[in-house]
1. Starting at the first residue of the stretch 378-393, write each ³J(HN,Hα) from the Karplus equation 6.51 cos²θ - 1.76 cosθ + 1.60 with θ = phi - 60°, in whole Hz, x for Gly and Pro.
2. Which order do peptides 14-21, 353-360 fall in by mean Cβ count within 10 Å, highest first?
3. Write down the Kirkwood hydrodynamic radius of the stretch 205-350, to one decimal in angstroms, obtained as one divided by the mean of 1/r over all alpha carbon pairs.
4. Could you order peptides 115-121, 323-329, 211-217 by the average number of other Cβ atoms within 10 Å of their residues, highest first?
5. Using a cut-off of 20 Å between alpha-carbon atoms, which lysines can reach K434, once sequence neighbours fewer than 8 places away in the same chain are excluded?
6. Using modelled amide H (1.01 Å from N, peptide plane; none on Pro or chain starts), what sits under 5 Å from the amide H of V380, excluding residues fewer than 5 places away?
7. Show me the ranking of peptides 380-390, 56-66 by mean Cβ neighbours inside 10 Å, starting with the highest.
8. Okay, helix-only estimate at 222 nm for the chain: each DSSP H run of n ≥ 4 adds -39500 (n - 2.57), divide by all residues, round to 500 deg cm²/dmol; what do you get?
Amino acid sequence: MRRLRSLSTRLIVYWIAGSLITFFILPPILNLLMSALALFEPATNLESWTTRRARMIVADALRQDADGAKFIAMTDDLRSYAAANPAFRYAALEIGTNTPLRGSSHELAPFFQRLEGFDMHAAAFHLESDPNLDARGFERTMHTPIGRAKIIVYGSQFHWDDVFYQIYASFSAFNMVSYGLSAGALSLIALVVVRRGLAPLRAVAAKVSQIDVNSLRQRIPADDLPMELSPFIDAVNTALRRVDDGVARQKRFTANSAHELRTPITVLTTRVEKLAATPLKLDIQRDVRRIHTIVEQLLVLAQISEKPETAAAPNPLDLVEALVAIVADLAPVALDNHRCLELEAPSGPIYIRAYRWAIESVVDNLIENAIRAEPENGVVLVRATAGATIEVIDHGPGIAPAERGMIFEPFWRGGDDTPGTGLGLSIARELAEKMQGSIAVEETPGGGATFLVRFPPCEAVSASEPL
Ligand SMILES: Nc1ncnc2c1ncn2[C@@H]1O[C@H](COP(=O)(O)OP(=O)(O)OP(=O)(O)O)[C@@H](O)[C@H]1O
Ligand SMILES: [Mg+2]
């Protein structure tokens, strides 16, 4: 059977199974055990275990003949019960007159007949003539097929099948209805309790789903949660702490490695410069520059994640002025590669809150990529709009929609035919996001890639705020 996944359904099923056993099956068995150990008055047990069944059999045997005379018929049940209980006596009396019905035992009726003026509803007694001192008789007023009557039984003995009868009798219509109602009510309570009890867990789940590598310091508060969930919350918090420590160690390792590599690279650069000018020297110089760039990129990444506030500058920066300087620096590089680099920007300033080095790093990365992608003699366009958006537009192969989600991942590269590490765009995204901005890629109309960097614009600079 498939395990029940819903906690409320599980609670209800277990409760119904448990209560069925507790209400209907356990009491007869416990009673039996107590009787066996003689923990209670034998008479009480005799009543509950044997005579209840005996009385029902006698009551069911009551009939009325054509003349209206009532009598106890010898039914199959009565015959087999009497056969199994040799000392069994029984009688039925009319209510009011206490007249014994035909078929009643002569030993039992006389006492009750003498009780004129008394309507005895229930009684236990012992016949003095009986040498078995534990033998008990019971009298009860009962509903029978021919109306109310007093049923008297005496000398029933306990048999094992009485237990099954007792269990069977406990499944009466009345018991079933009252059990059904209480089961319904408790099921509703279980539903409400589970739903309400687990509501804080849903809030916690929403909180946990927000946690990413930048918010690993968060911990889940266990205050509002049911106590039973504390071990789970503790485990989640411990796991978060471990992951946080691990990530911090990794970041430190990257930062330290990059930092340690700086000095040998500087030494290497100086040594290479001393080499005789040959084509091999130029190749080695290019390789060393590449290694230098990678190490610097790794350092920037480590710096960004260590100090999340690094890129958000306290003072506004004029984006247009920054872009003019960046494009001026990179235009010769583009020309060397037989491409053009152009800037399109409003004549006035556009203010954003960002450090200049961060903007330079983002835009440099995008322009480098665009120059690489742009076909020979093409034009890479850098456009700034008044809404604090930078667009870097090329007309190269563009980026397939399926790859647009991956290009910002560290070390992801489209192919090995161009030089690069695959860190440029991931650094650009980290920086843009740290400046409360965003970065996205679209297709250039007519083909190519357009990278869009958006920043929240800030109010015009007041006179007191230095740039
Ligand atoms: N303008 C573009 N046109 C086409 N593909 C691009 C463009 N910009 C980036 N890509 C693709 O995205 C990949 C990742 O770019 P990213 O800048 O992160 O790394 P890289 O340029 O390969 O190396 P790095 O920037 O670290 O030197 C590139 O390898 C390239 O395949
Ligand atoms: Mg790049």
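1. Result, rounded to whole Hz: x, 10, 8, 10, 10, 10, 10, 10, 4, x, 6, 10, 10, 10, 10, 10.
2. Packing proxy ranking, top to bottom: 353-360, 14-21.
3. By the Kirkwood definition, the hydrodynamic radius is 20.5 Å.
4. Packing order, densest peptide first, comes out as 323-329, 211-217, 115-121.
5. K251, K307
6. Those qualifying (amide H under 5 Å, at least 5 residues apart or on another chain) are C340, L341, E342.
7. Packing order, densest peptide first, comes out as 380-390, 56-66.
8. Values: 13 runs with 220 residues, N = 467.
Result for the chain: -16000 deg cm²/dmol, rounded to the nearest 500.
Rule-based calculations on the coordinates, nothing more; no lab input. Only a predicted model underlies this, so the values are computations on that prediction, with no experimental measurement involved. FYI the Cβ positions are ideal-geometry reconstructions off the backbone, even for glycines, and counts take in every protein chain you see.
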